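To start, the structure under review is shown below, and the notes come after it.
The values are calculated or read from the model by the stated rules, or taken from the named source; none is laboratory data. All of these numbers come straight from a predicted model, not from anything done at the bench. Please note: Cβ atoms are built from the backbone with ideal geometry, for glycine as well, and neighbour counts cover all protein chains shown.
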Amino acid sequence: MTEVRFHGRGGQGAVTSAELIALAAIDEGQFAQAFPSFGPERRGAPVVAFLRVSKDQIRIRSKVYQPDIVVVLDPTLMDIVDVSSGLKPKGILVINTAKTWEQIRKDYGFKGRLAVVDADRIAMEEMKVPITNTTMLGALIRAAGITRLESMDRPLDARFGKIAERNKKAMQRAFDETIIKE
Amino acid sequence: MPIQKGMEVSIAVSEAVKLANVDVISAYPITPQTHIVEHLSELVADGELKAAFIPVESEHSALSAAVGAAAVGARAYTATSSQGLALMHEIMFVASSMRIPLVMTVVNRALSAPINIWNDLSDIMAQRDCGWVQLFAINGQEAVDLTLQAFKIAEDPRVLLPVAVNLDGFVLSHVIEPIELPDQEAVDRFLPVFKPTLRLDPDQPVSMGAFGSPEVFIEVKKQVEEALIGSQKVAAEVWKDFGDIFGRTYKPVESYKAKGAEILLVTMGSITETAMTAVDSMREKGRKVGLIHIRLWRPFPFKEFFQAIREAKCLAVVDRALVPGGVGGPVGLEIKSALFEKKERPYVAEFVAGLGGRDLTVEVFAEMAAKAERYAKTQKEMRYEMIGVREK
Amino acid sequence: MAKIDALHPWKEVPLGCAILEAGNSRQFKTGDWRSKIRPVTDQEKCIKCGMCWIFCPDMAYNQRADGFYDWNSYYCKGCGICARECPKEAIQMIAEEE
């Protein structure tokens with residue numbers, strides 16, 4: 001079982017990210033579960049969402065405390081939230097940032113596996129909005145697999161309709177441009 | 001053949017209500033029930049479900065309108081949570097004693113104060129004695145299946161009582177997971193059109209909900225009680241039919257790795273699955289731990305419960321509501337009372353946990369099982385223990 | 001209140017205590033409640049407005065073919081509302097003979 005925690009701010013679509021991956025994984029015949037960190041919805045406040053994907057039936061409904069993967073949609077959260085909390089020793093931190101992986105290591109003293117991508121720039125160029133949740137799915141899939149990139153098509157189409165293509169393109173670019181350091 | 005699709009449990013429940021082809025939905029939105037009724041109102045507005053959606057001004061009215069709709073022979077549905085359910089309280093009794101078959105989803109949430117929108121079972125447990133059939137889902141698939149079954153149980157001429165289908169707020173209602181939605185054709189075969197036994201009809205006028213003097217009141221209560229107790233037999237038949245058509249079996253009390261278990265966790269609702277994972281890991285370590293979960297809470301399935309625990313030396317009952325000033329929680333209270341008639345009975349360790357959305361992890365279930373085992377060894381005298389309370 | 005003719009065993013009480021016979025309140029003899037006084041209408045003053053019929057809580061008035069209202073002792077409990085509401089003061093409450 002792979003457990004993922006998404007960090008975002010209310011309104012940035014962290015919950016949607018977790019949902020879309022879960023839908024794609026279930027379409028592939030895997031078992032998956034996605035849920036938000038429940039609470040009153042507050043735009044801009046730090047939020048987390050959780051995802052579990054497994055080959056077997058998932059029988060656990062508590063929050064994810066020891067994720068295999070942490071996805072950070074908004075780099076400004078790194079200064080106010082310990083995003084790597086509980087991350088497994090072999091886990092990977094996937095960050096939307098304009099900084100290089102060396103800078104991230106230096107600024108945050110993070111020693112583990114790291115994947116970085118400038119999702120803000122990609123999202124602005126491809127979709128003209130600074131919303132990175134679908135873009136970051138490309139980075140997540142590149143860094144950790146979980147689902148096939150093409151499995152995202154159906155959930156993205158269903159969710160975004162005529163703007164799905166732009167989301168897919170941004171996701172593809174993030175997949176291509178993500179830099180992973182062990 | 002239907003296949004499993006990923007969807008939010010709340011959406012799946014509203015799709016089940018659509019498959020049940022309801023005539024009237026009356027509801028007032030309250031977190032965390034909202035997604036269910038929002039989706040239903042969309043289905044009605046889009047013409048996908050031919051039903052009347054009555055947006056009311058309070059939950060008291062929501063249930064009243066559903067009672068009225070069912071009284072004229074409509075298949076009626078409502079849903080609520082927490083304070084909303086509390087506001088329905090007086091109509092809860094009216095619905096059962098008037099023998100109104102309707103279905104309500106209760107998306108379980110704590111009762112204020114302090115204001116809390118998260119999950120526990122204190123809302124439905126405060127309605128324990130309202131004369132409703134009460135079912136608990138442990139996952140999204142069960143929430144869908146129980147919703148369909150609920151209509152069939154409620155509308156059976158031998159029952160004619162309202163049914164509450166409980167699912168945990170947020171931790172179940174807001175989760176995306178694989179769910180199989182049955183075909184409409186199969187649902188229609190399982191759940192025929194509602195044929196009311198008695199209804200308000202201008203051509204054959206009757207009065208429903210009239211006065212009942214002391215000369216008849218007890219007889220009416222006896223009738224409701226017998227119908228509620230009898231609903232278990234009907235539920236068993238409904239579950240048989242459901243299994244034949246959809247291939248999923250349901251029982252009033254379910255066991256998990258209970259064979260050879262000396263300690264049994266006793267759970268209700270979606271915490272059951274996390275508890276199962278705890279049982280798996282304890283079993284791997286050679287501990288004789290199993291689990292039972294109670295699906296049919298009202299009427300309480302005494303026979304099946306005794307059968308399920310017959311090998312156990314110790315029960316670790318996990319309550320998610322408190323009976324303040326009493327022996328612990330409502331489930332523990334029920335079980336201890338039920339066991340009193342037995343000469344040989346297991347030790348009962350009663351825990352109250354997870355109130356107001358406190359997360360219940362695999363480790364917490366393992367902790368409760370271990371404590372129960374320890375307390376049983378010394379036959380520790382305990383009423384109950386509240387789990388996870390900070391002492392300093 | 002509906003009148004309960006017989007004390008049924010619980011299995012025979014109508015479902016949910018419903019009243020299956022429409023209009024059975026007619027069987028309820030509220031006239032028994034009347035004590036000492038009853039209304040009497042002066043047809044010289046009566047304008048057939050029907051206020052007595054409207055206000056009577058026990059439907060003790062019925063309109064005749066000629067438009068006047070008959071008083072029915074079976075239902076009248078002697079409350080005097082008709083006398084109070086009559087706009088022509090055509091109704092008097094009088095002592096009943098033993």
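Values for this structure:
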| item | result |
| --- | --- |
| All helices (runs of 4 or more DSSP H) inside the stretch A:91-171 with 3 or more residues being at pLDDT 95 or above and on the phi < 0 side of the Ramachandran plot | A:119-127, A:133-144, A:153-160 |
| Options B:224, B:238: the member that is crowded, with 18+ Cβ neighbours inside 10 Å, within 20 Å of residue B:158 (Cβ to Cβ), of a type in the set (A, V, I, L, M, F, W, C) and more than 14 Å from chain C (Cβ to nearest Cβ) | B:238 |
| Any hit, the stretch A:3-10, residues being more than 9 Å from chain B (Cβ to nearest Cβ), in contact with a strand residue (DSSP E or B) (Cβ under 8 Å, 6 or more places away or on another chain), crowded, with 24+ Cβ neighbours inside 10 Å and not in a strand (DSSP E or B) | no |
| Test: residue A:81 is at pLDDT below 95, outside any helix (DSSP H, G or I) and within 23 Å of residue A:167 (Cβ to Cβ) | no |
| Test: residue in the stretch C:88-98 that is more than 11 Å from the chain's Cα centre (by Cα), in a loop (DSSP other than H, G, I, E, B) and not charged (D, E, K, R) | yes |
| Members of the stretch B:27-53 that are under 20 Å from the mean Cα position of the chain (by Cα) and small (Gly, Ala, Ser) | B:27 |
| Evaluation of residue B:32 against (1) in a helix (DSSP H, G or I); (2) within 14 Å of another protein chain (Cβ to nearest Cβ); (3) surrounded by 24 or more Cβ atoms within 10 Å (Cβ to Cβ) (one fails), failing number | (1) |
| Filter result for residue B:137 (in contact with a strand residue (DSSP E or B) (Cβ under 6 Å, 6 or more places away or on another chain) and outside the structural domain of residue B:333 (by TED's automatic domain parsing)) | yes |
| Answer from B:147, B:197 - the residue that is surrounded by fewer than 21 Cβ atoms within 10 Å (Cβ to Cβ) and of a type in the set (Val, Ile, Thr) | B:197 |
| Residue in the stretch B:179-197 that is within 14 Å of chain A (Cβ to nearest Cβ), more than 17 Å from residue B:22 (Cβ to Cβ) and not aliphatic (A, V, I, L, M) present | yes |
| Members of the stretch A:54-68 found to be away from chain B (no Cβ under 11 Å) and surrounded by 21 or more Cβ atoms within 10 Å (Cβ to Cβ), listed by number | A:67 |
| The stretch A:23-50 - residue that is among the small types (Gly, Ala, Ser) and touching a Ser or Thr at 6+ places or on another chain (Cβ under 9 Å) and, of those, nearest to residue A:84 (Cα to Cα) | A:49 |
| Condition met for residue A:48 (among the β-branched types (Val, Ile, Thr), away from chain B (no Cβ under 11 Å) and closer than 23 Å to residue B:120 by Cα) | yes |
| Qualifying strands (runs of 3 or more DSSP E) (wholly inside the stretch C:1-84; at least 1 residues being more than 14 Å from chain B (Cβ to nearest Cβ), in contact with a strand residue (DSSP E or B) (Cβ under 7 Å, 6 or more places away or on another chain) and of a type in the set (A, V, I, L, M, F, W, C)) | C:37-41, C:69-71 |
| Subset of the stretch A:24-46 [touching a residue at least 12 places away in the same chain (Cβ under 8 Å) and either of a type in the set (Asp, Glu) or crowded, with 24+ Cβ neighbours inside 10 Å (or both)] | A:24, A:25, A:27, A:28, A:32, A:33, A:34, A:35, A:41 |
| Any chance residue A:89 is farther than 21 Å from residue B:141 by Cβ, free of Cβ contacts under 8 Å to residues at least 24 places away in the same chain and more than 13 Å from the chain's Cα centre (by Cα) | yes |
| Checklist (1) over 15 Å from the mean Cα position of the chain (by Cα); (2) within 14 Å of chain B (Cβ to nearest Cβ) applied to residue A:108, failing item | (2) |
| Subset of the stretch A:69-91 [surrounded by fewer than 19 Cβ atoms within 10 Å (Cβ to Cβ) and within 19 Å of residue A:118 (Cβ to Cβ)] | A:76, A:79 |
| Selection status of residue B:331, closer than 17 Å to residue B:367 by Cβ, surrounded by 24 or more Cβ atoms within 10 Å (Cβ to Cβ) and touching a residue at least 12 places away in the same chain (Cβ under 8 Å) | no |
| Those strands (runs of 3 or more DSSP E) lying entirely in the stretch B:278-370 with at least 1 residues within 18 Å of the chain's Cα centre (by Cα) and within 14 Å of chain A (Cβ to nearest Cβ) | B:289-294, B:314-319 |
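To keep it simple, each residue is scored yes or no on (1) in contact with a Lys or Arg (Cβ under 9 Å, 6 or more places away or on another chain); (2) modelled with pLDDT of 95 or more; (3) surrounded by fewer than 17 Cβ atoms within 10 Å (Cβ to Cβ); (4) farther than 24 Å from residue B:21 by Cβ.
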{"residue": "B:43", "(1), (2), (3), (4)": "yes, yes, no, no"}
{"residue": "B:46", "(1), (2), (3), (4)": "no, yes, yes, no"}
{"residue": "B:52", "(1), (2), (3), (4)": "no, yes, yes, no"}
{"residue": "B:62", "(1), (2), (3), (4)": "no, yes, no, no"}
{"residue": "B:66", "(1), (2), (3), (4)": "no, yes, no, no"}
{"residue": "B:81", "(1), (2), (3), (4)": "yes, yes, no, yes"}
{"residue": "B:89", "(1), (2), (3), (4)": "no, yes, yes, yes"}
{"residue": "B:93", "(1), (2), (3), (4)": "no, yes, yes, yes"}
{"residue": "B:98", "(1), (2), (3), (4)": "no, yes, no, no"}
